[in-house]
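Just below is one structure, and these are the notes that go with it.
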Amino acid sequence: MHEPRRSWIEQLANIRTMTPIVATVFATLLLQVLPVSSRQVLRQLQLGVEGVALRGSSFATIFEKPRPTEETNPLLASSDLPAFAATRPEHAVPAMTLRLQQAEAELRRIEASLSSKLAKSDASVSYDELMTPLEQLYVSIGQPWDFVNHLQSVRDSPGYREAVETLQPKVIVFYQNLSQSKPIYNALLRISESPDFAKMPEARRRIVEGELLDRKLGGVGLDSTKAEEFNKLQRQLSDLSMTFSNHVLDARKAWNLTINDAARVKGIPGRALAAAADLAKQGGHQDASAAKGPWLMTLDGTLLGPVLTYAQDRSLREQLFRASTTLASSGKDNNEEVVAKILELRQKQAELLGYPNYAEKSFASKMATREQVHSLLDEMQATGKPVAEAEDKELLEFAQHADEKLSKLDPWDRSFYIEKLSNQKYGIDAEQLRVYFPYPEVVKGMFSLTERLFGVTVKHADCASPRAKASKWHDAVELYDIMQDSEVVGHVLMDPYSRPSEKRSGAWMQPLVTRRTEGERLWLPVAALVMNFPPPAADGKTPSLLSLGEAGTLFHEFGHALQHVLTHQNESSVSGINGIEWDAVEIASQFLEYWVELDRRTVYSFAKHYSTGEALPEATYQQLEKAHTFRAGSSLLGQVYLGKVDLRLHEKFELGEDPIEIGKSVADEVLVVKPLPESRPLCSFSHIFAGGYAAGYYSYQWSKVLSADAFSAFEEGGGGLGDDVHTREVGRRFASTLLALGGGRDPGKVFKDFRGRAPTPAALLRYSGLAPVGATNGTSAKAQGV
C-alpha cells in the first residue's frame with residue numbers, strides 16, 4: 001500500500017522544517033510549475049515564511065504580502081470621493097505603512113536637494129521648488145490618515161482602535177521629522193528674506209509665514225537633547241488625548257438603566273420612549289414597546305435631554321444627571337489623572353519652546369491677543385451675570401410656586417422647570433414643536449437659503465448611483481453635490497442620526513478632501529457633516545423630528561462645510577478652513593445659525609408639519625421670536641465659564657494642582673449656579689483635552705462677535721432682511737470674502753473686506769437681548785478692534 005500523493009499546498013505545510021537551501025530549491029521548482037492563479041491563491045492565503053531565511057529569494061516572491069495599491073486598498077484610491085463603503089479596519093495599517101515609507105523617502109530627497117542648494121550662500125530657493133512637493137507630502141499622509149480617524153469617530157470598532165493605536169506613534173514621528181527639518185526651515189527662511197518675497201501673492205506669503213511659525217512651535221529651533229524631550233512629550237500627549245477620547249466614548253456606552261415601571265417614565269416624550277424601547281429590544285427584550293416598556297435609558301443626548309427636561313420622576317432625573325455630570329471620572333474610564341497629565345506635559349512642552357505657559361504658545365497662532373480675550377470675557381461676564389442672577393431668581397420663584405414642597409432647585413430640576421417656565425411665558429413646548437421641524441424639510445430650507453444668499457445650488461446625488469454608494473460609511477449617509485455657476489465645486493456627505501454604540505457624540509464638520517491643484521488636475525473639496533439627531537421612527541412612518549435648536553446646529557455645521565467647499569484657494573495649506581487662525585474658524589458657522597434664530601423667511605422655508613404639511617402657526621412664530629432671548633444671561637455666562645476655565649488651566653497650571661478644584665474655583669467666580677461637589681465636567685471636556693481648542697475655547701465667543709456683526713450687515717441698508725436684491729448683494733460679498741479666501745488672507749482683513757470696518761460686539765449684545773435695541777455699532781473704545 002503506497003502513501004497517497006500530497007498536493008503542493010500540503011507539502012508547503014512542511015516548509016518550516018526544511019533547511020533554507022532545500023526550501024529555496026523547492027520554491028524555485030514551484031515557481032516553474034505553478035500557474036499564476038495558484039500564486040495568487042498563495043498570496044490571498046497570506047502563508048508566511050517565519051523562521052526561514054529566504055528574504056530576497058525566489059520563494060519570497062510567492063509568499064511576500066503584496067504591496068497595497070489603489071485597486072486593493074480603498075484608502076489609497078485616487079477617486080474624487082473617498083471609498084468609505086469598501087474600507088475596513090484591516091486596510092488602515094498597510095495603506096499608512098506604504099504612504100509613510102514613500103513619504104520618508106520623499107522627505108530625504110527634498111532635504112538632500114535643499115541642502116545642496118543652501119550650501120551656496122547666494123543661491124535662491126523658489127516657492128514652487130519647495131512648497132509644491134511639500135504640499136503633496138502633506139496630502140499623501142494627511143488624507144488617508146484623516147480617513148482612518150474619521151471612520152473611527154463614526155464607525156468605532158476594536159479594529160479601528162487597534163489600527164489607530166498602532167499607526168499614531170509612527171505618524172507622529174514622521175510629522176516631527178518633517179516639522180523639525182532644518183533644510184526645509186532654512187529654505188523657508190531664505191524665501192521669506194528674499195527681495196521677491198514682498199511681491200509674492202498674499203496667500204503664498206501667508207503659507208510661508210505659517211510654515212515658519214508651525215515649525216517654531218514644532219521644535220525646529222531646539223537642540224538635539226531638548227528636541228528629543230519635546231518629541232517624547234508630543235507622543236505622550238497624543239496617546240493621552242486618544243485615551244481621553246476613548247474613555248468618554250466607552251463610559252457613555254457602558255452606562256445604561258433598564259426601566260420596567262411605566263410610572264417612572266411619565267412625562268417623557270413618546271419619541272424618546274420609542275427610542276429607549278428600541279434599545280431595549282436590541283438588548284434582548286423582544287417584546288419592548290414605547291407604551292409598555294421596558295425602556296433602556298442611556299447618556300446619549302437624544303435620551304438624556306428628554307429625561308432631564310420632561311421626566312416627572314425626580315429621582316430618575318437625578319440618576320441620569322449625576323451619571324452625566326460625573327462621566328468618565330471613575331473606574332477604568334477615569335479621566336482625572338489623564339487631565340492632570342495632559343496639563344502637566346503641555347506646560348513642559350511650552351517651556352521647552354520658550355513660552356511661560358501653554359496659553360502663550362496657543363496665542364502665538366491665534367487672531368486675538370491674550371489681553372483682548374480676557375477683556376472680552378470679562379466684559380461678557382459683567383454684562384451677563386446680573387441678568388443671570390435675575391433669571392435664576394425668577395426660575396426659583398416659579399418652581400416653588402409650581403411645587404410648594406420644593407425648598408430649593410437641584411441641578412436635575414433646572415431643565416425641567418426651565419421648560420415649564422418657557423411654556424408659561426411664551427406658550428411654547430419645544431418638544432411639541434418638533435412636528436414642525438422634520439429633518440428632510442430643514443435640509444431643504446437650508447439649501448434654499450444657501451442659494452438665496454450665495455447663488456449656490458445643492459443637488460442630492462442619486463442614492464443608487466455607484467459614486468454615492470461607494471462613498472457611504474453607513475446607510476444613513478447622503479451625498480450632495482455643491483454647484484456654483486452651473487459647475488460642481490465640491491461635495492458634502494451628511495451623516496445625521498445618533499448611533500451611540502459606534503459614533504462619537506456631538507456635531508462636527510470633517511474636511512475629507514481639500515481643494516488643490518496637482519499638475520493638470522483640480523481636486524474638488526469634500527466635507528463630512530456629522531450630527532447626532534434622533535433617528536426616524538423604526539416603523540418608517542415618522543421622520544427625524546428636530547428641535548429648533550437642533551435645526552440651528554445643522555445650519556452651523558453646514559456653514560463650516562460651505563467655507564470648506566466654496567473656497568477659491570488652490571493650495572491646500574490655505575484652502576477651505578486650512579490656514580485660518582483657530583479663533584476665526586467659527587465665523588461662517590455661527591453666521592449661518594443666525595438665519596434660523598432671526599430670519600422669519602428662513603424658518604418658514606422648513607417649518608412644516610411632518611404629516612399634514614401645515615405651516616408653523618404665525619402666533620407660535622411670534623412667541624418664538626419673543627423667546628429668542630429667554631435666559632440669555634445664563635447661556636452667555638456658561639460660555640464665559642468654559643472659556644475662562646480653559647484659560648486658567650493653561651495659563652497658570654502648576655505641577656500638583658488639582659484641575660477639578662481649579663474648575664470649581666472658576667465656577668465660584670463666574671457662575672450663578674454652582675455645580676455639584678462631585679461634578680467632573682473636565683473629565684468629558686473633549687474640546688480642550690481631545691480636540692483643537694486647548695487655550696482656545698474662547699474662540700466660540702470671539703467668533704460670535706464677528707458672526708453677529710456680519711449678520712447685521714444684511715439688516716443695514718436697502719430693505720433689510722426682506723430685500724432680496726440687498727440680501728443677494730451682501731450674500732455674494734460674504735461668499736467672495738469670508739467663504740472664499742480661506743487662510744490666504746488675515747481674518748481681520750477679510751472681515752474688513754466684507755464689513756468695511758473692524759468688528760464690534762454691539763450686534764451680539766443686541767441679538768442676545770443684553771443691550772438696548774437702539775444700541776449702535778459704535779461701542780466703547782474698550783470693545784473696538786475685537
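The values are calculated or read from the model by the stated rules, or taken from the named source; none is laboratory data. Source: prediction; values computed, not measured. Cβ atoms come from the backbone with ideal geometry, glycine included; neighbour counts cover every protein chain shown. For the accessible areas, the whole protein counts, side chains as well, though only heavy atoms, and no ligand, DNA or RNA atoms are used. Shrake-Rupley method; radii C 1.70, N 1.55, O 1.52, S 1.80 Å.
Look at (1) free of Cβ contacts under 8 Å to residues at least 40 places away in the same chain; (2) in contact with a strand residue (DSSP E or B) (Cβ under 6 Å, 6 or more places away or on another chain); (3) of a type in the set (Gly, Ala, Ser) and you find that residue 559 fails only one, number (2). More than 21 Å from residue 305 (Cβ to Cβ) and part of a helix (DSSP H, G or I): is that true of residue 419 in this structure? The answer is no for residue 419. Scanning segment 215-241 for residues that are open to solvent by 30 Å² or more (accessible area, probe 1.4 Å), in contact (Cβ under 8 Å) with a residue 60 or more places away in the chain and within 18 Å of residue 171 (Cα to Cα) turns up 229, 234, 235, 236, 239, 240, 241.
Taking residues in segment 279-294 that are surrounded by fewer than 17 Cβ atoms within 10 Å (Cβ to Cβ), and partners anywhere that are in a helix (DSSP H, G or I), the pairs with Cβ atoms closer than 8 Å and at least 6 places apart or on different chains are 289/277; 291/273; 292/262.
Of 504, 516, all but one fail to be at pLDDT 95 or above and in contact with a helix residue (DSSP H, G or I) (Cβ under 8 Å, 6 or more places away or on another chain); the exception is 516. Is it the case, given these coordinates, that residue 487 is among the charged types (D, E, K, R) and more than 21 Å from residue 147 (Cβ to Cβ)? It is true that residue 487 is among the charged types (D, E, K, R) and more than 21 Å from residue 147 (Cβ to Cβ). Between 313, 333, which is open to solvent by less than 30 Å² (accessible area, probe 1.4 Å) and at negative phi? Being open to solvent by less than 30 Å² (accessible area, probe 1.4 Å) and at negative phi holds for just one of 313, 333, which is 333. Checked against (1) closer than 26 Å to residue 435 by Cβ; (2) without any contact (Cβ under 8 Å) to a residue 24 or more places away in the chain, residue 330 meets all criteria but (1). Condition check for residue 307 on (1) surrounded by fewer than 21 Cβ atoms within 10 Å (Cβ to Cβ); (2) in contact with a Lys or Arg (Cβ under 7 Å, 6 or more places away or on another chain); (3) over 27 Å from residue 160 (Cα atoms): one failure, at (1).
Exactly one residue among 158, 144, 74, 169 is surrounded by 15 or more Cβ atoms within 10 Å (Cβ to Cβ) and over 20 Å from residue 578 (Cα atoms), and that residue is 74. Take residue 85 and tell me if it is more than 23 Å from residue 162 (Cβ to Cβ), modelled with pLDDT of 50 or more and open to solvent by 30 Å² or more (accessible area, probe 1.4 Å). For residue 85, the condition - more than 23 Å from residue 162 (Cβ to Cβ), modelled with pLDDT of 50 or more and open to solvent by 30 Å² or more (accessible area, probe 1.4 Å) - is not met. Here is the figure for segment 253-300: residues that are at pLDDT 95 or above, in a helix (DSSP H, G or I) and charged (D, E, K, R) total 1. Among all positions in segment 357-366, there is no residue which is among the polar types (S, T, N, Q), more than 16 Å from residue 694 (Cα to Cα), touching a residue at least 40 places away in the same chain (Cβ under 8 Å) and open to solvent by 20 Å² or more (accessible area, probe 1.4 Å).
Yes or no, residue by residue, for (1) in contact with a strand residue (DSSP E or B) (Cβ under 8 Å, 6 or more places away or on another chain); (2) surrounded by 16 or more Cβ atoms within 10 Å (Cβ to Cβ); (3) β-branched (Val, Ile, Thr):
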| residue | (1), (2), (3) |
| --- | --- |
| 173 | no, no, yes |
| 180 | no, yes, no |
| 188 | no, yes, no |
| 196 | no, no, no |
| 200 | no, yes, no |
| 203 | no, yes, no |
| 206 | no, yes, no |
| 211 | no, yes, no |
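For segment 625-716, the helices (runs of 4 or more DSSP H) that sit wholly inside it and include 2 or more residues that are among the polar types (S, T, N, Q) and open to solvent by less than 40 Å² (accessible area, probe 1.4 Å) are 699-715. Restricting segment 442-454 to residues that are touching a strand residue (DSSP E or B) at 6+ places or on another chain (Cβ under 7 Å) and open to solvent by less than 60 Å² (accessible area, probe 1.4 Å), the residue that is nearest to residue 477 (Cα to Cα) is 447. Restricting the search to segment 455-473, which residues are surrounded by 15 or more Cβ atoms within 10 Å (Cβ to Cβ) and not in a helix (DSSP H, G or I)? Matches in segment 455-473: 456, 457, 458, 461, 472, 473. In segment 245-260, the residues that are surrounded by fewer than 19 Cβ atoms within 10 Å (Cβ to Cβ) reach residues that are hydrophobic (A, V, I, L, M, F, W, C) with C-beta atoms within less than 6 angstrom, at least six apart or across chains, in these pairs: 255/299; 255/323; 256/296; 257/297; 258/296. Scan segment 562-583 for residues that are modelled with pLDDT of 95 or more and in a helix (DSSP H, G or I) and jot them down. Within segment 562-583, 562, 563, 564, 565, 572, 573, 574 meet the criteria. Of all residues in segment 723-766, how many are among the acidic types (Asp, Glu), open to solvent by 60 Å² or more (accessible area, probe 1.4 Å) and free of Cβ contacts under 8 Å to residues at least 40 places away in the same chain? Within segment 723-766, residues that are among the acidic types (Asp, Glu), open to solvent by 60 Å² or more (accessible area, probe 1.4 Å) and free of Cβ contacts under 8 Å to residues at least 40 places away in the same chain number 2.
Pairs are defined by a Cβ separation below 6 Å, a sequence spacing of at least 6 or placement on different chains, a first member in segment 499-521 that is closer than 15 Å to residue 246 by Cβ, and a second member that is among the acidic types (Asp, Glu) and open to solvent by less than 40 Å² (accessible area, probe 1.4 Å); the pairs so defined are 500/300; 502/156.
Filtering segment 420-428 for residues that are closer than 30 Å to residue 619 by Cα, free of Cβ contacts under 8 Å to residues at least 40 places away in the same chain and basic (Lys, Arg) leaves a non-empty set.
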